[in-house]
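Contents: one structure, followed by commentary.
The values are calculated or read from the model by the stated rules, or taken from the named source; none is laboratory data. Just so you know, these numbers come straight off a predicted model, no measurement behind them. Neighbour counts run over all protein chains shown; Cβ positions are idealised from the backbone, glycine included. Protein only, heavy atoms only, side chains kept; ligands, DNA and RNA dropped before computing areas. Shrake-Rupley method; radii C 1.70, N 1.55, O 1.52, S 1.80 Å.
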Amino acid sequence: MAKQRKKEKKHKAPMPPLSTLDRFIYITLMVISFIVCFILGVLLDVIKHLIAFSDKTVIAYEGTIADLLFLPFLIFILLFGFISLSSCMYSKTPIFGKKGITYGPPMYKAKYPLFMRNKPEVYVKPSEKRWRKTKCILILGILVLTLIPLGFSFCGRKCLTDDVTIQQYNIVNVKKSEYTIDEIESTTLKAYYHLGGKYSRSYWEVSIEFATNNKKNFKFDYSKFKPFGDGAHTETLDMLLDIKSKLNSKDIEYDGIDNLEYVIKEKGLNEKESEMLYELFNAN
């Protein structure tokens, strides 16, 4: 019995260090998991844009709190990939293995490189098989639970149309409210410094804010107007000037006129576009 216990202890010896190649593969896959999450985030944002501007009359849109409903899915993808890979790396699970090492008993546990030729069949206890099956079901269940809110994260939005009508859509893409230009009580054109979060940059921005006669407030940033990109400044400023021309000038307020120079530098506006921006703020 004593000899048998000694053998079992030998079988439970720590796994040998991973090869340089295996460590490189694990780290690369972890980085890729972050990149995949970033790409998914961008893709989801593109889908939201396509939905919002499927109505040709919409010239700008802003998201709502419903935008955060996609976060559980992204967090799941990120954590599942990162935790799975880091766990395998921590437990020294080999991928190609290390030259000069004979894996498996009697020296090591019955754990072999993933791409090992003629890999011995490893006995798995029935209880371990049941746990693996339960774990897969749990992971699948969590994935489904994150996909449900993901499906409701695309459509919630506030839109501004070319006739200065404000529309609000809920998470199932149903218009729940609409305000025409006659229901807009006041408008504020604002040049301000947008403070970014931990993973986003800060920048100078222009926004147009509306207050309706029932005390509802709506804000549309310059960057949320279509078309997008550095070459679209003239068209965006034309849209804003057109909106301004349709509003009662007495109901328009201006905030941050002293910040216009910073906005011009931030967005790289040319001379004509700069003049249009100053005209928008009555700062000529």
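Could you tell me what % of all Cα pairs in the chain have separations over 31 Å? The calculated P(r) of the chain puts 51 percent of pairs beyond 31 Å. Length gained on full extension, I139 to V174, computed as 0.36 nm times the residue gap minus the Cα-Cα distance: 9.3 nm. Debye-formula intensities of the range 13-86, expressed as log10 I(q)/I(0) at q = 0.14, 0.17 Å⁻¹, are -0.61, -0.76 (one equal scatterer per alpha-carbon, no solvent). Histogrammed with a bin width of 5 Å, the alpha carbon distances of the range 163-284 distribute as 2, 10, 20, 23, 19, 15, 9, 3, 0 percent, first bin at zero. Membrane-span-like helices in the chain, defined here as complete DSSP H runs extending at least 24 Å along the helix axis by their C-alpha atoms with mean Kyte-Doolittle hydropathy no lower than 0.5, are 20-52, 71-90, 126-151; this is a sequence and geometry rule, not a statement about a membrane. Please identify which residues in the range 170-211 have an amide N closer than 16 Å to a label point set 7 Å out from the Cα of N248, following the Cα→Cβ vector. 180-188, 210-211, by backbone N distance to the label point.
Once the C-beta distance of T234 and F152 is scaled by a Förster radius of 51 Å, the resulting FRET efficiency is 0.90 to the nearest 0.05. The label point for M107 and the one for V36, both projected 7 Å from the Cα toward the Cβ, are 3.3 nm apart. Antiparallel beta bridges, as assigned by DSSP with both residues in the chain, represent about 90 percent of the total such bridges. Segment N282..R117, full-extension length gain: 51.8 nm, with 0.36 nm per residue of separation and the alpha-carbon distance subtracted. Were the residues from A13 through I47 laid out at 0.36 nm apart, the gain over their Cα-Cα distance would be 7.1 nm.
The alpha-carbon of K129 sits under 19 angstrom from the alpha-carbons of these aspartates and glutamates, leaving out residues fewer than 8 places away in its chain: E121. Per residue, the chain reaches -14500 deg cm²/dmol at 222 nm when only DSSP H runs of four or more residues are counted, each adding -39500 (n - 2.57).
Of the listed residues K125, K267, K246, the order by accessible area with a 1.4 Å probe, largest first, is K125, K246, K267.
Mean sequence separation of contacting Cα pairs (under 8 Å, at least six apart), scaled by the length of the chain, corresponds to a relative contact order of 18 percent.
Each other residue within a Cβ distance under 10 Å of K246 adds +1 if Lys or Arg and -1 if Asp or Glu, for a net charge of -2. Placing a label point 7 Å from the Cα of D258 along the Cα-to-Cβ direction, the residues of the range 265-284 whose backbone N falls under 17 Å from that point are 283. Cα convex hull, the range 72-171: 155 Å³ per residue, rounded to a whole number.
Accessible area per residue was computed with a 1.4 Å probe on protein heavy atoms; I83 scores about 90 Å². Basic side chains Lys and Arg get +1 at the Cβ, acidic Asp and Glu get -1 at the Cβ, and with that the dipole of the chain about its Cα centre reaches some 4520 debye.
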